[in-house]
Amino acid sequence: MKKCFTINPFRTDADFLEFDKILATNIFQGIEIFYPYSLPKEAQEKYRQNIEKLHHKYPHIEVVMHLPYGKENDLCNLDRFRETMQILQEGIVYTHQFQTKKLTLHLGYVDEKRERSFYLDHIVPILQQLCDYAQKYEMAVMIENMPGSAELGFSPEEILTIITKTARKNLKFILDTGHAHVSRYENPAYIQLLGPYLCHIHFSDNDQSGDQHKRMGLGNIDFKEVFYELNKIDYQELHCLEIIFHKPEEVLEFAMDMDSYQESKEIKP
């Protein structure tokens, strides 16, 4: 199993020294970073330098980029989607220096008074443009499943429809286990329908009341079932820990949690 963990732009220099030690263990094969465009210039540069040091020292480590998200970066916002597209493209250029090949994307928020078909028609040409731009840098764009119906990319069927209509080979799917558990669709439904497009996974747990980013085992997600389904499709890409942690060394414990579930992958829950 290829393991990964997230490094947000608010991590300190001391944290990065610990991340260096963690990567030296060879337990992890990837990191997921963020485009820190909203931070002050000095903080942006400090984050870039720290990521660059890790990338230079561990060139075998795969770097995934989580593109900007939230209401201020909403591709479904009819008044702002062009500005959002510009920020996303800047993020693609930013992460090219780390030889990134995969981009995590939230599509945005819908007005539930409108038909969802309106937003499907709206998002397809936008994604075609974004995928074509990413293809210049040999990157794939990955649609992330969302926890609530107020966001586009909610159901497995909706994501499949978007991928099919966009018709770009570099448009893929990233599963977020926490998002799936909060939604009315469980993780196996996404894996079974979108397995051919699945190329990255965010792992975290919750009690289904919200996206809590808990350690695996501290919520009630059936991870044995998740790994059983992943084994059926022979998933070989990164398993990324998107869990809130205070001390960097905690991710080593989280990795052990993942191993314990993965060992039972062939056992039907």
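Checking 257, 205 one by one, the residue that is of a type in the set (Asp, Glu) and surrounded by fewer than 20 Cβ atoms within 10 Å (Cβ to Cβ) is 257 and no other.
For residue 187, the conditions (1) free of Cβ contacts under 8 Å to residues at least 40 places away in the same chain; (2) among the polar types (S, T, N, Q); (3) surrounded by 17 or more Cβ atoms within 10 Å (Cβ to Cβ) all hold with the exception of (1).
Residues that are assigned to a loop (DSSP other than H, G, I, E, B) and either buried (at least 18 other Cβ atoms within 10 Å of the Cβ) or in contact with a helix residue (DSSP H, G or I) (Cβ under 9 Å, 6 or more places away or on another chain) (or both) within segment 13-37 comprise 25, 27, 28, 35, 36, 37, listed in sequence order.
Looking for something farther than 28 Å from residue 120 by Cβ, touching a residue at least 12 places away in the same chain (Cβ under 8 Å) and surrounded by 18 or more Cβ atoms within 10 Å (Cβ to Cβ) - is there at least one such residue anywhere in segment 62-80? The answer is yes; a qualifying residue exists.
With respect to residue 87, is the statement that it is touching a Leu at 6+ places or on another chain (Cβ under 9 Å) and modelled with pLDDT of 95 or more true? So residue 87 fits the description; yes.
Put simply, of 82, 116 the only residue that is basic (Lys, Arg) and in contact with a Leu (Cβ under 8 Å, 6 or more places away or on another chain) is 116. Within segment 220-249, the set of residues being in contact (Cβ under 8 Å) with a residue 24 or more places away in the chain, farther than 22 Å from residue 194 by Cβ and under 20 Å from the mean Cα position of the chain (by Cα) comprises 243, 244, 248. Residue count for segment 228-250, restricted to those that are more than 14 Å from residue 2 (Cα to Cα) and surrounded by 14 or more Cβ atoms within 10 Å (Cβ to Cβ): 8.
The values are calculated or read from the model by the stated rules, or taken from the named source; none is laboratory data. From a predicted model like this one, the values you see are computed outputs, not experimental measurements. FYI the Cβ positions are ideal-geometry reconstructions off the backbone, even for glycines, and counts take in every protein chain you see.
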